[in-house]
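Since the structure comes first, as structure tokens, the remarks are kept for the end.
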Amino acid sequence: MPRYTMEEFIRTTRQKDLGEGKFELERDRLLEINLNGKVWIKRGAMVAYLGNVKFIREGVLEHGLGKFVKKAFTGEGVSLTKAEGTGKVYLADTGKKISIINLENQSIFVNGNDLLAFEDSVSWDIKLMKRVASMMSGGLFNVKMEGTGMIAITTHYDPLTLRVTNDQPVYTDPNATVAWSGNLVPELKTDISLKTFVGRSSGESVQMAFRGEGFVVVQPFEEVTYITTAA
């Protein structure tokens, strides 16, 4: 374990301006937002801030009736806080690793639990994988991010991105799936030949099947609360 004098510790761990834009990785697990206007952040993710910044919990109907109904129906989804003003805001989420993605008129699906922050210029909507509803209690919900601007996502440890092609589909564990390209429409399949995963009670292993042209991001960690199997 490193040992420092007081001066060494301050010098080694001090905040550094990297000049990388609105979203910067101050550390692998700490996001710095250079705020001049408005961004949306995951509720409870702020760990510190500097400057004149206000944090406003999203209004019930702030994002429209459609998103309100979806949130009420799912009982989950995205809980957001609006950070507004001028200054620096620092975000973290239970020590998870942070990746910054700059969308350029593109779209990506993100597991709602792994969405840390995004610029106000990026539009979003909660999406239900309808084919899952018959397998899962409540179905499987993700967030589609679309437009131009920066988003920050989190993963347990280092993410792995797998290329999906027409000749090579990709199959993933939903509990380890973080994100995928916005043009892909995954399907859910079960494979009773596989052993039941820890925490599953259905006796069947559920997989996400990605076909087409795009990518899917997974993490070396299974978030067993990500989905629940039907009783």
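The values are calculated or read from the model by the stated rules, or taken from the named source; none is laboratory data. Model, not experiment: these values are computed from the prediction. Positions of Cβ are generated from backbone atoms using ideal geometry, with glycine treated the same way; all protein chains shown enter the neighbour counts.
I'd like to verify a number: residues in the range 91-110 that are touching a helix residue (DSSP H, G or I) at 6+ places or on another chain (Cβ under 9 Å) and more than 14 Å from LEU80 (Cα to Cα), how many?
If we filter the range 91-110 for residues that are touching a helix residue (DSSP H, G or I) at 6+ places or on another chain (Cβ under 9 Å), which is where we start, we get 93, 96.
From the residues that got through so far, the ones that are more than 14 Å from LEU80 (Cα to Cα) too are 96.
Selection size over the range 91-110: 1.
In the range 164-187, the residues that are within 15 Å of GLY212 (Cα to Cα) reach residues that are polar (S, T, N, Q) with C-beta atoms within less than 6 angstrom, at least six apart or across chains, in these pairs: TYR171/GLN207; GLY182/SER107. Scanning the range 23-50 for residues that are more than 18 Å from the chain's Cα centre (by Cα) and either surrounded by 14 or more Cβ atoms within 10 Å (Cβ to Cβ) or outside any strand (DSSP E or B) (or both) turns up GLU26, ASN34, LEU35, LYS38, TYR49.
Would you check if GLY95 is surrounded by 11 or more Cβ atoms within 10 Å (Cβ to Cβ), part of a loop (DSSP other than H, G, I, E, B) and modelled with pLDDT of 85 or more?
Working: surrounded by 11 or more Cβ atoms within 10 Å (Cβ to Cβ): no; part of a loop (DSSP other than H, G, I, E, B): yes; modelled with pLDDT of 85 or more: yes.
Criteria not met by GLY95.
Filtered by the rule that a residue be modelled with pLDDT under 95 and of a type in the set (Gly, Ala, Ser), the range 1-58 gives GLY19, GLY21, GLY44.
When you check ILE108 against the structure, is it modelled with pLDDT of 95 or more and surrounded by 19 or more Cβ atoms within 10 Å (Cβ to Cβ), yes or no? Before you say what the answer is, go through the steps one by one.
Details: modelled with pLDDT of 95 or more: yes; surrounded by 19 or more Cβ atoms within 10 Å (Cβ to Cβ): yes.
So ILE108 fits the description; yes.
All conditions but one from (1) at negative phi; (2) assigned to a strand (DSSP E or B) apply to LYS16; the one that does not is (2).
Does THR81 count as closer than 25 Å to HIS156 by Cα and at pLDDT 85 or above? For THR81, the condition - closer than 25 Å to HIS156 by Cα and at pLDDT 85 or above - is met.
Considering only the range 161-176, I want to know if a residue exists there that is among the β-branched types (Val, Ile, Thr), in a strand (DSSP E or B) and at pLDDT below 95. Write out each step before concluding.
Filtering the range 161-176 for residues among the β-branched types (Val, Ile, Thr) gives 161, 164-165, 170, 172.
Retained after the next criterion (residues that are in a strand (DSSP E or B)): 161, 164, 170, 172.
Now drop any that are not at pLDDT below 95, which leaves 172.
Yes, because at least one residue in the range 161-176 is among the β-branched types (Val, Ile, Thr), in a strand (DSSP E or B) and at pLDDT below 95.
Run down THR225, THR196 and say which single residue is on the phi < 0 side of the Ramachandran plot, touching a helix residue (DSSP H, G or I) at 6+ places or on another chain (Cβ under 9 Å), at pLDDT below 60 and in a loop (DSSP other than H, G, I, E, B). Show your work before the answer.
Values: THR196 fails: touching a helix residue (DSSP H, G or I) at 6+ places or on another chain (Cβ under 9 Å).
So the residue among THR225, THR196 that is on the phi < 0 side of the Ramachandran plot, touching a helix residue (DSSP H, G or I) at 6+ places or on another chain (Cβ under 9 Å), at pLDDT below 60 and in a loop (DSSP other than H, G, I, E, B) is THR225.
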